[in-house]
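The values are calculated or read from the model by the stated rules, or taken from the named source; none is laboratory data. This structure is a prediction, so every number in the text was calculated from the model and none was measured. Here Cβ is always computed from backbone atoms with ideal geometry, including for glycine, and neighbour counts include all displayed protein chains. To get the accessible areas, we keep the full protein, side chains included, count just its heavy atoms, and leave off ligands, DNA and RNA. Shrake-Rupley method; radii C 1.70, N 1.55, O 1.52, S 1.80 Å.
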Amino acid sequence: MNNLKLAVEVVSAHDLAPKDGEGSSSPFVELQFDGQKFHTTTKEKDLSPVWDETFYFNITDPSMIPSLNLEAFVYHYNKTNGSKVFLGKVRLTGTSFVSYSDAVLLHYPLEKKRFFSKVQGELGLKVYVTNDNSMRASNPLPDFFQNNTYHIPMQDQTQLPFPDPVLREIPIKKTQPNRHTFHNIAKSNKGEKQQPNSAAAAAAAGMPNVSFSMNEMKSAKPAAKVMNAFAGSASPVDHVVRETSPVLGGGKVVGGRVIRGNIPASTYDLVEPMEYLFVRVVKARDLPSMDVTGSLDPYVEVKIGNFKGTTNHFEKNQSPEWNQVFAFAKENLQSSILEVVVKDKDVVLDDVVGNVKFNLYDVPRRTPPDSPLAPEWYRIENKKGEKNNGEIMLAVWYGSQADEAFPDAWHSDAISPNGSSSSSHYAQIRSKVYHSPRLWYVRVKVIEAQDLVPSEKSRIPDAYVKVQIGNQILKTRPVQSRMMNPQWNQDLMLVAAEPFEEPLILTVEDRLGNNKDETIGNVIIPVGSIDKRADDRPIRSRWYPLEKSMSSARDMENGKQKEKDKDKFFSRIHVNVFLEGGYHVLDESTYYSSDLRPSTRVLWKKQIGVLELGILDANVIPMKTREGRGTSDAYCVAKYGQKWVRTRTVIGSISPKFNEQYTWEVYDPSTVLTLGVFDNGQVSSSNGNGNRDSKIGKVRIRLSTLESGRIYTHTYPLLMLHNSGVKKMGEIHLAIRFSCTSFVNMLNLYFKPHLPKMHYVKPLNIIEQDRLKQQAVIIVSARLSRAEPPLRKEVVEYLSDSDSHLWSMRRSKANFNRLKNVFSGLISVAGWLGEISTWKNSVTTVLVHILFLMLVCFPELILPTIFLYMFVIGMWKWRFRPRYPPHMDTRLSCADVANPDELDEEMDTFPTTRSSDLVRWRYDRLRSLAGRVQNVVGDIAAQGERLHALINWRDPRATAIFMVFCIVAAIVLYVVPLQLMFIAVGFYLMRHPKLRSKTPPAPVNFFRRLPALTDSML
């Protein structure tokens, strides 16, 4: 039975139009949805009414929600004739409905009924979908309103798929067809529920499915063009991006195109097909006892050639159930016989219970979307050839990485050829998909406290408030109040992550002395109960009682207040606490951010495309030594938006082949995909790095540099900075495609603000942004490290560039060079004008004089000439546009010219671990550099102060001369045409060198003699 309901909270309205002839109105709201109609009470003589009424609509068919509209009509009730006058309306489409956890109060501007209608004001609504059985649908309208409804024609609405995030959070008991897709999102075996499919709902409505979800990729795509890469000259030859021609699932890349040939269309067309032999060990039954005690500790060993994998063993269980899958790569099939051996775990030597053998030539092949192969019971054969040792259920088949069993399978890449298994570290090497938590800013405004009771009644408390969420602690400034009612009026910002596990703790403390504080009271507020807002509208503040002990505050939080404490006198604190949903919580630099959406889901825009990434293979240098030879245990992590993906770890190979494909939804083209390659330090602790995963390199790809629909297949160098300089750690081979589903929406985004509206309405200062960003990175890394396998802290911090705010001499030089390159065009133009004014080339100077006369005489040609020149230059450079995504540039980064000491300073931790003498020397060097910057800033300030000195009479003679010049210039400019003045000034500046003096001109000398404020500085 369907229990879905649409809840509509009609909160308030503002600034409604007066309609009663007396400067006021008596408004009420009428709601219409899916043939159901309700209305609020009528507020007499109120242009800003407050209703706070909730209505529930029955949802008969959830698949039809996208085609339905919720309409809210605001009317003025006329008592004299019993009619109603239209004041405005709000229409919300079904695609904007969200679940209760994401619902926030939004104020919608009222729309007009006709073009010339006079409508003003806003209506505050909170709309969400709920599945709570205790909620009943509201009563219908009485006959009066049914008969006097003012009908407004509805426009035809295009049916769209219902948002998947809402359906995922609201369970609907409706069967959906099972669909097998590529493994771009790994699925867990436990606790997984089948999610409703928006594509199925769209197909049922008779409409084509044109949207891409996060779990599926569009199949049977047409052949896509592949960009060619040309090595640039800005970096060394081995540090550039190179174009490749791999054979992908969609065909071979030849001459910039994908040639399919006889290759069928595939959903994983950005990776190379890899064949695997899959063995699913389900369970066994009726196993014989092997020990003297009559017990059995069984486990299964799957072996082919020198490669073998083992399941977990069960103690004293003759009917165990494993349900584990083994995947052997085609290149690891060293034998034509697959042997499944059942063994008994023993202290000294494991006993063999029996085995089952398969000839690989008889193994069937399975290709998705075929259903999974059904396992069968096989009799176990002992050493004597007898088949009376029980049975084991197995399934054996050939498949590829598109098989749904691939992500959770045990891979032959996880063992070395000598047969030593790494199954004990199996949890650390699997491929997984992670979702970082949704982050919110928590704004706490500490206003005041009343009736504080310090321990010493005679002293005035020096009180301050400590605000804490988890490990985040902020403090207000201390305030003294003789009335025991201190006032702070101070805003504090913290970061919280869904689900809100940590509460907000407010502690009022009295500062008794240095490092000696006394707690006056505590209050605990669950973050989940705090109000949310999506704009800058004020939220009502509240008073909270202060408890002396933390345990009493927790009891108050849980509603366990004792009866004897109900009438007890409490100190209390006045605070305004709410969750800021209109901001985007920055957990990475804004220059290469992968997600710019606000925290609240209500403000999210529609997706504009899909990003597909195929991680093919890599070549890395040895990162550790194992059995006397250099090797590496490499894996990749890619991050875009809230979705993190991790490939499986390939054990003991410096040329790992991953061939895994992933997909992301794209909401903004000005975002960056970040991919890092790491060496797994959890497989073996002999790497000497304290079990930390070593960094091999990183790749950033900006989506706005990709052309829509094209496949980019390139190898990217993995570069790392070490104390000795920049070092190439290897290469990563990627295939990337950005598919745009709405070209118009993508172009429209280029004219929209980069960040959500709240960042401009109520901006955060730079220092606060950096602090909140560091806290967000800490929260994200802590949450992802709790997954299985964990995404380690050093991995998250490396991909998020958490240390980009630290000082680096190399980066300072690079930024200064970038600044020079930005102004190089202006410097070149200034140099060219200098050559013109000095008549270095007489012919060019004469032509410039003629052009100058034309522009002065016809000023309407100036702007068209500038824009035409820019168009010609832009079209000329189109021939030399980059043909591949930009990558790390060692020359631009000044990595090739940095000396070892600068690199050692950059690699140093914070706080420093270097010797005091070295730190003192670096500090003196930094003081010298800062002194030069200080002098430059002082010189710039002095020039500005001289401009101010022209009219502030600091030098009375100079100001008098300037006043005389101003009055004379005003009279001359009033009499003489302006064009003539421009010609005279231009010809004077371009005069012949014979008419110039070697000393500076009079205006320059006059300006340099003006006084600055440098003589007033200490």
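Accessible area of residue 348, 1.4 Å probe, to the nearest 10 Å²?
140 Å²
³J(HN,Hα) across the stretch 299-312 via Karplus (A = 6.51, B = -1.76, C = 1.60, θ = phi - 60°), whole Hz, x for Gly/Pro?
8, 10, 10, 9, 10, 9, x, 8, 9, 8, x, 10, 8, 6
If N is the number of residues in the stretch 777-838, what value comes out of its Cα radius of gyration divided by 2.2 N^0.38 Å?
For the stretch 777-838, the normalised Cα radius of gyration is 2.11.
Sort largest first and round to whole Å: the equivalent ellipsoid semi-axes of the stretch 5-130, each the square root of five times a Cα gyration tensor eigenvalue.
26, 14, 13
Note down the Stokes-Einstein diffusion coefficient of the stretch 421-549 in µm²/s, whole number, using a Kirkwood radius over alpha carbon pairs, 20 °C, and 1.002 mPa s.
124 µm²/s
In nm², what is the average projected area of the convex hull enclosing the Cα atoms of the stretch 727-849?
For the Cα atoms of the stretch 727-849, the hull's average projected area reads 16.7 nm².
Mind giving me the FRET efficiency for residue 621 and residue 840? R0 is 51 Å, r the Cβ-Cβ distance, nearest 0.05 is fine.
Calculated value: 0.40.
Taking only the Cα atoms of the stretch 851-1006, how large is their convex hull per residue, in Å³?
292 Å³
Treat each spin label as a single point 7 Å out from the Cα along the C-beta direction, and report the residue 24 to residue 928 distance in nm.
7.9 nm
Please compute the Kirkwood hydrodynamic radius of the stretch 601-800 from all pairs of different C-alpha atoms, in Å with one decimal.
18.7 Å
Please work out how much length the chain gains when fully extended from residue 705 to residue 727, using 0.36 nm per residue of separation minus the C-alpha to C-alpha distance, in nm with one decimal.
5.3 nm
Could you list log10 I(q)/I(0) for the stretch 855-898 at q = 0.28 Å⁻¹, which the Debye formula gives when each Cα is one point scatterer?
For the requested q values the scattering log ratios are -0.93.
Of the accessible area of the stretch 5-130, with the probe set at 1.4 angstrom, what percent is carbon plus sulfur?
Solvent-exposed carbon and sulfur of the stretch 5-130 make up 50 percent of the total.
Consider a paramagnetic label point 7 Å from the Cα of residue 670 along Cα→Cβ; state which residues of the stretch 748-764 have an amide N under 14 Å from it.
748-757, 759-760
Heavy-atom accessible area of residue 321 with all protein chains present, probe 1.4 Å, nearest 10 Å²?
We get 120 Å² for residue 321.
Once you place label points 7 Å from the Cα toward the Cβ at residue 315 and residue 52, how far apart are they in nm?
Taking the two extended label points, one gets 6.0 nm.
Starting at the first residue of the stretch 517-527, write each ³J(HN,Hα) from the Karplus equation 6.51 cos²θ - 1.76 cosθ + 1.60 with θ = phi - 60°, in whole Hz, x for Gly and Pro.
Values per residue, Gly and Pro as x: 10, 10, 7, 8, x, 10, 8, 10, 10, x, 5 Hz.
Report ³J(HN,Hα) in whole Hz for each residue of the stretch 318-333, in order, from the Karplus equation J = 6.51 cos²θ - 1.76 cosθ + 1.60 where θ = phi - 60°; Gly and Pro get x.
Result, rounded to whole Hz: 9, 9, x, 9, 9, 6, 10, 10, 10, 10, 9, 5, 4, 6, 9, 7.
By how many nm would the segment from residue 959 to residue 1006 grow when fully extended, if each residue of separation counts as 0.36 nm and the alpha-carbon distance is taken off?
Length difference between fully extended and current span is 15.9 nm.
Return the long-range amide H neighbours of residue 586 (sequence gap of 5 or more, or a different chain), with a cut-off of under 5 Å between placed amide H atoms.
Close amide H contacts, sequence-distant or interchain: none at all.
Add +1 for every Lys or Arg and -1 for every Asp or Glu among the other residues with Cβ under 12 Å from the Cβ of residue 839, and state the total.
+3
How big is D, in µm² s⁻¹, for the stretch 286-375 by Stokes-Einstein at 25 °C and 0.890 mPa s if Rh is the Kirkwood radius over C-alpha pairs?
Estimated via Stokes-Einstein, D reaches 166 µm²/s.
On full extension of the chain, what length is gained from residue 475 through residue 132, given 0.36 nm per residue of separation minus the C-alpha to C-alpha distance?
Computed gain between residue 475 and residue 132 is 119.4 nm.
As an exercise, use a Förster radius of 56 Å and the Cβ-Cβ distance of residue 371 and residue 978 to find the FRET efficiency, rounded to the nearest 0.05.
After rounding, the FRET efficiency stands at 0.10.
Pairs 695/752; 19/606; 308/727; 773/813; 639/727; 657/793: which are spaced more than 28 Å apart, C-alpha to C-alpha?
Violating the 28 Å limit, Cα to Cα: 695/752; 19/606; 308/727.
State the Cα centre-to-centre distance between the stretch 801-842 and the stretch 712-780 in whole Å.
Cα centroid to Cα centroid, the span is 25 Å.
Give the Kirkwood hydrodynamic radius (Å, one decimal) of the stretch 302-443, defined as one over the mean of 1/r across all pairs of different Cα atoms.
Computed over the stretch 302-443, the radius equals 17.4 Å.
Once you treat every alpha carbon in the stretch 1-66 as an equal point and sum by Debye, what is log10 I(q)/I(0) at q = 0.23, 0.25 Å⁻¹?
Result of the Debye calculation: -0.94, -1.04.
Which of the peptides 784-793, 638-647 is most tightly packed, and how do the rest follow, going by the mean number of other Cβ atoms within 10 Å of each residue?
By packing density, highest mean first, the sequence is 638-647, 784-793.
Compute the separation of the alpha-carbon centres of the stretch 459-504 and the stretch 883-961 and state it in Å as a whole number.
Each part reduced to its Cα centre gives a spacing of 37 Å.
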